[in-house]
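Enquirer: One structure, pasted below without further comment.
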Amino acid sequence: MEDQREKHLRIVFVPSYREGTCCEGYTILEVAQEAGVYIDSACGGAGKCGKCKVRIVSGTCSPPTREESEQITSREQGQGFRLACRAQLQTDAVIFIPEKAIFKGPASRKEFTPRKIPIQPAVTTHLLNAAQPHGTHSTPLDTLSTFLKSRHGLNGVTVDPQVLGEVAGLLEQPGEIAASVWMNREIIRVQKGAATPAYGIALDVGTTTLALYLCNLATGKILTSASATNPQTIFGEDIMSRIAYSVHHPEVGVKRMQRELVNTVNEMIHQVTADKRLSADDIVDMTVVGNTVMHHIFLGLPPDRLGFWPFTPTVQTSVNVKARDLGIDILPSAYVHVLPVEAGFVGADNVAVLIAEEPYTRDEISLVIDIGTNGELALGNKSRLLSCSCATGPALEGAQIKCGMRAAPGAIEKVKVDPQTFDVDYKVIGNQAWKGEETPGKFRPVGICGSGILDAIAALYLSGVIRPNGAFMQGYITPRLRKDEKGYKEFVLARGEETPTGRDIVITQRDVRQIQLAKAAIRAGCQIMMKLLDVRLPDRLIVAGAFGMHIDRDNALAIGLFPQCKPETVSFVGNAAGHGAYLALINRGKREEADRIARWTEHIELATEESFQKEFLQALAFPERKG
Amino acid sequence: MDKKLVDLMADLMEDEVLALVKEKIKQGEDPMGILDDARSAMEAVGKRFESCEYFIPDLMMAGEILRQISDMVRPLLEKTTGPQKLGKVIIGTVAGDIHDIGKDIVTFMVDVSGYEVLDLGIDVPAEVFVEKIKEFQPQVVGLSGFLTLAFDSMKNTVEAIEKAGLRDKIKIMIGGGQMDEEVRKYVKADAYGKDAVAGVELCRKWIGARQ
C-alpha cells in the first residue's frame, strides 16, 4: 500500500548529487531506488551480500543491525559505513556511495596506451662494495659518497636522515650494498646484497575520479592500475565547491580534504601492492598530477586564492615532498614528485597531457582538448603554444541534466534514433547488447550519462527533431516528443515500462540548452585561440580525458563540440594526464620538460578576451548538417 | 493591443515587425500604444525563454528588435513628454570575479526595456559600488557573479552599501551561474534573478511600484 505520510526527509546521494525524499523508517536502498540512484544489491536487499555498503556523511539512521555488524568492520562502522538495505533513515541525510570497490587491472576506466620512451627513472640503484671495517675514521656518509663518486660518477650525494642509521649498520657487515639514489643526489634506501626491483606509482587526482598506476621502474611496465571515486566529493561536487569548503572552514577544511584524499590513495596503494605481492617499501618513487585545486589540496595548501580572480596558485613549479611528510604509504624516505601547474585553472593535469602528447615538438598545429567539468585547451606547435580553460560545467558528465547520472551501471551510454520512425535504441552500461538486440540485459536503465546525452542530442539534431538553434521542432511528429506537466518540451528515450523506477527517461529542452552552453564554452575557447594564432583549422585534434574515450566522434562533430576538423585528424587518447604522470615516473627528463613547458606555454584568460562574448553566443548553435 | 504586432515580434520576425511599426507611425498611431505592444511581446518572449524554447541568442534578438522600435518611437514621445527613462539601474560583476557574459546580457535587456543603466564592468570593489550609487542614485543595483565564491564578495558589497547608509534607498538583485535563493539570503539581497528576463521583471516590479 502506498505510504500516505508526507515525505519530508530530504536525502542527498553523493557523488551524483541526486536527491530523494522519504518519511522516517525508509531504508537508504529504498530511497535510492526511488530516486534512480544505483546501489549494487546482489541479494536484493536481504542484508546478505554486503554489496550495498554506503557511508553516512551526515544525518541519523536506526542503530546497526546484526547483519551489519557481521559485514562491516568496526573501523568502517566508525567511519559511518552502513548497509543501505538495513539502515533506516530518521533525519535528512547525505549518503556517500563508494565506487564499486576499487576498479583494478587494465580494465580501469581511466585508460591510456603507454608509449615507448627511454627508461630513465629518477631513482637508480647502485651496487657498492664499501664495507667499512671497525675503527675507521670515515663517517658512513663519507664512505658512501666517496664510492658513489669514484665508481659511479655521482657528486655530492647525501643520505636521507632516517636512512643514515641503516647505512651505518650495513657498512659494518661485509658484502655488497644496494643504494637507491634519487635524482643522483640523495640515497633514499639501502639494502643488503643485490637490490630488489624498484617500483613506482603514477597518480592522477581527478576532481571526481582517482587513477593510479603501479610500474616497474626498471622495465617501465605498468603492472596494474586502480581507480576510485575521489573521496572529496563529500565536500562538494566540483572544484569551486571544494575551494568554498576550504574558505568557509579556515585551516581545518583543506586538512580534512587532504586526509580523505590521502586515505583513499593509501587504500589504492595497499590494493595494488597486495595484488602484486609487494610491500610499501618496494615503492621508491611517485608522481602526481591533478588540476590546480586538487594539486593544492594534495599538498595541504589552501586553494582559497584559486577561487578569485586572478586565480593565483600558491606554487607553480614542480614540488618534491617526502612520502612520510604527506602520509603516503610508500617507502617513507621516497619523494613524491608533484608536477608543475600553468595557472589557476590550467593545472598539472594539463601539463601532463602536454608532455604525453608533445604538441611543442611538431610543425603541425595541434589542438588538445581535455574535457572535464573544467575543459582545458591547448593550441599550437613548436614555435608557440597557447592554453586556456573554459567553464564547461558538469552537464557533459550527466549532472544538471534531468535524467542525468554519472557513467555507472544502469546509465544509458549510447543512443540511436531512427530518422524515419524516431524509434530509439540504446545501450546501458553493464550490458553487452543494445536494447534492440532483445537479449534482456542485467541492468535496466535508470538514467543517462554524458556520452548518451551527446548521442541523443546529435541523433535528434540529425533527424530534425532538434533545430539548428537547439529548439525542439514545432509540432509533435512522434508521441516521444511531448510536453511535460509544466508544458516544457521533452523527448522520451526510455518509457517507464523499460526502467526499474517506472519513470520515463527523457531529454528535456533545458537539457539541450545545458549541452549547448557546455559546447559553446569549449568552442569559444578554441575559436579565440585559433584567431590569436591565425589558424583556420588545426592539423590534428587530440581529445584527452576519460569522457573522450566514450563519446562518439561523429556525433561530437555533428553537434560542433569540436571545431569542424576532418574526422580522420581526430584522435582520442584517453587519460593523457595519467599517461603524462606515468611518463614523468619512468623518465626524469620528462619532469624537467614539464617544468619548462609549464613556464613556456602562454596562458589565455578567456573571460578577459574582448571577443569572448561574441564567440560564445555564435557557438551556441549547432553546425550545419552534413550530407 | 495589436495582436499582429505582438505575435510577429514574439516570433522574432524582425523585418516584418519593423515594417509594421514604420507603417503604424506613418498612419499616426499612438506611439505609447506601439511601445506597450512591444513590451507585451517581450513578455511573451520572456515566457518562451523561461520554458527554454527560446535561448540566449533569441533573447538578444528580441532585445535588438525592441531597441529598434524604441529608437523609431522615442523621438515622437520626446516631442510631448520629454525624454522618458523609467528609472536608473547600476549593474556590475563583484570583486574577485571577471565573468561578464551574463551581466552584459542583463545590462542590454534592462537598457532596451527603457531603464537608464550604468554598467560598472567586472571585478568591481564594494567601495566603487558605494561611490557610484551616491553619484548615480539608482533605484536598483544588480550584483553579478559566476564563481561560487562571488557570493562572499556580494555579501561584502551589500554590507558596504548598508554601512554607507544607502541600503534603504535601493533594491538589490543578484544573478549569475551559482546564485539561487539560498545565496540571496546569505548575501542579504532583496531578490535573486535567474536570468535576464527575471532581472528586467524585478526592475519593473520595484521601479514601477515607486511611480
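The values are calculated or read from the model by the stated rules, or taken from the named source; none is laboratory data. Quick caveat, the model's predicted, so the values are computed rather than measured. Cβ placement follows ideal geometry from the backbone for every residue including glycine, while neighbour counts extend to all protein chains displayed.
Enquirer: Being without any contact (Cβ under 8 Å) to a residue 24 or more places away in the chain and of a type in the set (A, V, I, L, M) is the filter here; which residues of region B:168-191 pass it?
Expert: B:191
Enquirer: Out of (1) under 30 Å from residue A:242 (Cα atoms); (2) assigned to a loop (DSSP other than H, G, I, E, B); (3) away from every other protein chain (no Cβ under 14 Å), the odd one out for residue B:178 is which?
Expert: Evaluating residue B:178 over (1) under 30 Å from residue A:242 (Cα atoms); (2) assigned to a loop (DSSP other than H, G, I, E, B); (3) away from every other protein chain (no Cβ under 14 Å) leaves (3) as the failure.
Enquirer: Keeping to region B:181-205, report how many residues are within 14 Å of chain A (Cβ to nearest Cβ) and among the charged types (D, E, K, R).
Expert: Total meeting the criteria: 3.
Enquirer: Check whether at least one residue in region A:227-245 is part of a helix (DSSP H, G or I) and of a type in the set (Asp, Glu), and report yes or no.
Expert: No, region A:227-245 contains no residue that is part of a helix (DSSP H, G or I) and of a type in the set (Asp, Glu).
Enquirer: A further question follows. Name the residues in region A:384-396 that are outside any strand (DSSP E or B) and in contact with a helix residue (DSSP H, G or I) (Cβ under 6 Å, 6 or more places away or on another chain), would you? Let's see the steps before the verdict.
Expert: Keep residues of region A:384-396 that are outside any strand (DSSP E or B), which gives A:384, A:391-396.
A:391, A:392, A:393, A:395, A:396, listed by residue number.
Enquirer: Let me ask something else. Residues in region A:490-508: is at least one touching a helix residue (DSSP H, G or I) at 6+ places or on another chain (Cβ under 9 Å), assigned to a loop (DSSP other than H, G, I, E, B), aromatic (Phe, Trp, Tyr) and over 30 Å from residue A:228 (Cα atoms)?
Expert: Scanning region A:490-508, I find no residue that is touching a helix residue (DSSP H, G or I) at 6+ places or on another chain (Cβ under 9 Å), assigned to a loop (DSSP other than H, G, I, E, B), aromatic (Phe, Trp, Tyr) and over 30 Å from residue A:228 (Cα atoms), so the answer is no.
Enquirer: Taking the residues in region B:109-126 that are not in a helix (DSSP H, G or I) and not hydrophobic (A, V, I, L, M, F, W, C) as candidates, determine which candidate is nearest to the other protein chains (Cβ to nearest Cβ).
Expert: To start, the set of residues in region B:109-126 that are not in a helix (DSSP H, G or I) comprises B:113-125.
Filter once more, so that each one left must be not hydrophobic (A, V, I, L, M, F, W, C): B:113-116, B:119, B:121, B:123, B:125.
Values: B:113: 20, B:114: 23, B:115: 21, B:116: 22, B:119: 13, B:121: 11, B:123: 6, B:125: 12 Å.
Ranking the qualifying residues of region B:109-126, first place goes to B:123.
Enquirer: Of everything in region A:599-627, what is more than 14 Å from every other protein chain (Cβ to nearest Cβ), touching a Leu at 6+ places or on another chain (Cβ under 8 Å) and assigned to a helix (DSSP H, G or I)? Give them in sequence order.
Expert: Residue satisfying the conditions is A:600 alone.
Enquirer: Need the failing condition index for residue B:105 against (1) without any contact (Cβ under 8 Å) to a residue 24 or more places away in the chain; (2) within 14 Å of chain A (Cβ to nearest Cβ); (3) of a type outside the set (Gly, Ala, Ser), just the number.
Expert: (1)
Enquirer: Same structure, new question: Would you pick out the residues in region A:586-598 that are part of a helix (DSSP H, G or I), surrounded by 18 or more Cβ atoms within 10 Å (Cβ to Cβ) and either of a type outside the set (Lys, Arg) or modelled with pLDDT under 95 (or both)?
Expert: Passing the criteria: A:586, A:593, A:594, A:597, A:598.
Enquirer: Just one of A:518, A:494 is closer than 30 Å to residue A:391 by Cβ, among the hydrophobic types (A, V, I, L, M, F, W, C) and surrounded by 15 or more Cβ atoms within 10 Å (Cβ to Cβ); which is it? Step through it out loud before you land on a result.
Expert: Values: A:494 fails: closer than 30 Å to residue A:391 by Cβ.
Only one candidate passes the filter, namely A:518.
Enquirer: Here's something else I'd like to know. Identify all residues within region B:127-147 that are within 14 Å of chain A (Cβ to nearest Cβ) and either more than 22 Å from residue B:67 (Cβ to Cβ) or surrounded by fewer than 20 Cβ atoms within 10 Å (Cβ to Cβ) (or both); write none if there are none.
Expert: Answer for region B:127-147, where residues must be within 14 Å of chain A (Cβ to nearest Cβ) and either more than 22 Å from residue B:67 (Cβ to Cβ) or surrounded by fewer than 20 Cβ atoms within 10 Å (Cβ to Cβ) (or both): B:145, B:146, B:147.
Enquirer: Then there's this: Of the residues B:42, B:61, which single one is within 14 Å of chain A (Cβ to nearest Cβ), in a helix (DSSP H, G or I) and not aromatic (Phe, Trp, Tyr)?
Expert: Being within 14 Å of chain A (Cβ to nearest Cβ), in a helix (DSSP H, G or I) and not aromatic (Phe, Trp, Tyr) holds for just one of B:42, B:61, which is B:61.
Enquirer: Another question about this same structure. Which is under 26 Å from residue A:206 (Cβ atoms) and not in a helix (DSSP H, G or I), of A:583, A:561, A:557?
Expert: Exactly one residue qualifies, and that residue is A:561.
Enquirer: Then there's this: Return the only residue of A:393, A:347, A:372 being farther than 21 Å from residue A:316 by Cα and crowded, with 24+ Cβ neighbours inside 10 Å.
Expert: Answer to the check: A:372.
Enquirer: Being touching a helix residue (DSSP H, G or I) at 6+ places or on another chain (Cβ under 7 Å) and small (Gly, Ala, Ser) narrows it down to one residue among A:348, A:323, A:343; which is it?
Expert: Just one listed residue meets the conditions, A:348.
Enquirer: Further question: Among residues belonging to region A:521-540 that are of a type in the set (A, V, I, L, M, F, W, C), away from chain B (no Cβ under 12 Å) and closer than 26 Å to residue A:404 by Cβ, point out the one that is surrounded by the fewest Cβ atoms within 10 Å (Cβ to Cβ). Walk me through it before giving the result.
Expert: Taking region A:521-540 as the starting set, the residues that turn out to be of a type in the set (A, V, I, L, M, F, W, C) are A:521-522, A:524, A:526, A:528-530, A:532-533, A:535, A:537.
Now restrict to residues that are away from chain B (no Cβ under 12 Å): A:522, A:526, A:528-530, A:532-533, A:535, A:537.
From what is left, the residues that are closer than 26 Å to residue A:404 by Cβ are A:522, A:526.
On the way: A:522: 22, A:526: 26.
Checking each candidate, the answer is A:522.
Enquirer: As an exercise: evaluate residue A:246 against (1) within 21 Å of residue A:408 (Cβ to Cβ); (2) within 14 Å of chain B (Cβ to nearest Cβ); (3) in contact (Cβ under 8 Å) with a residue 40 or more places away in the chain and give the number of the one condition it does not meet.
Expert: Among (1) within 21 Å of residue A:408 (Cβ to Cβ); (2) within 14 Å of chain B (Cβ to nearest Cβ); (3) in contact (Cβ under 8 Å) with a residue 40 or more places away in the chain, the lone unmet condition for residue A:246 is (1).
Enquirer: Residue A:307 - would you say it is modelled with pLDDT under 95 and under 23 Å from the mean Cα position of the chain (by Cα)?
Expert: In short, yes.
Enquirer: So, one more: Filter region B:18-39 for residues that are farther than 24 Å from residue B:115 by Cα, assigned to a helix (DSSP H, G or I) and not aliphatic (A, V, I, L, M) and give the result.
Expert: Within region B:18-39, B:23, B:24, B:26 meet the criteria.
Enquirer: Oh, and also: Does residue B:23 meet the test of being under 26 Å from residue A:469 (Cβ atoms) and of a type in the set (Asp, Glu)?
Expert: Details: under 26 Å from residue A:469 (Cβ atoms): no; of a type in the set (Asp, Glu): yes.
Considered against the rule, which asks whether it is under 26 Å from residue A:469 (Cβ atoms) and of a type in the set (Asp, Glu), residue B:23 comes out as no.
Enquirer: So, in region A:249-264, exactly how many residues are within 14 Å of chain B (Cβ to nearest Cβ) and in a helix (DSSP H, G or I)?
Expert: Number satisfying all stated conditions: 1.
Enquirer: Which of the residues belonging to region A:265-308 are touching a residue at least 40 places away in the same chain (Cβ under 8 Å) and within 14 Å of chain B (Cβ to nearest Cβ)?
Expert: Passing the criteria: A:293, A:302, A:303, A:304, A:306, A:307.
Enquirer: Go through region B:57-72 residue by residue and tally those that are surrounded by fewer than 21 Cβ atoms within 10 Å (Cβ to Cβ) and of a type in the set (A, V, I, L, M).
Expert: Residues in region B:57-72 being surrounded by fewer than 21 Cβ atoms within 10 Å (Cβ to Cβ) and of a type in the set (A, V, I, L, M): 3 in total.
Enquirer: Additional query: Take region B:181-201 and flag every residue that is outside any helix (DSSP H, G or I) and either among the aromatic types (Phe, Trp, Tyr) or surrounded by fewer than 18 Cβ atoms within 10 Å (Cβ to Cβ) (or both).
Expert: Passing the criteria: B:188, B:190, B:192, B:194.
Enquirer: Among the residues of region A:470-520, what is the count of those that are within 14 Å of chain B (Cβ to nearest Cβ) and not hydroxyl-bearing (Ser, Thr, Tyr)?
Expert: Looking only at that region, the number is 30.
Enquirer: What is the residue count in region B:150-166 for residues that are surrounded by 24 or more Cβ atoms within 10 Å (Cβ to Cβ) and in a loop (DSSP other than H, G, I, E, B)?
Expert: 0
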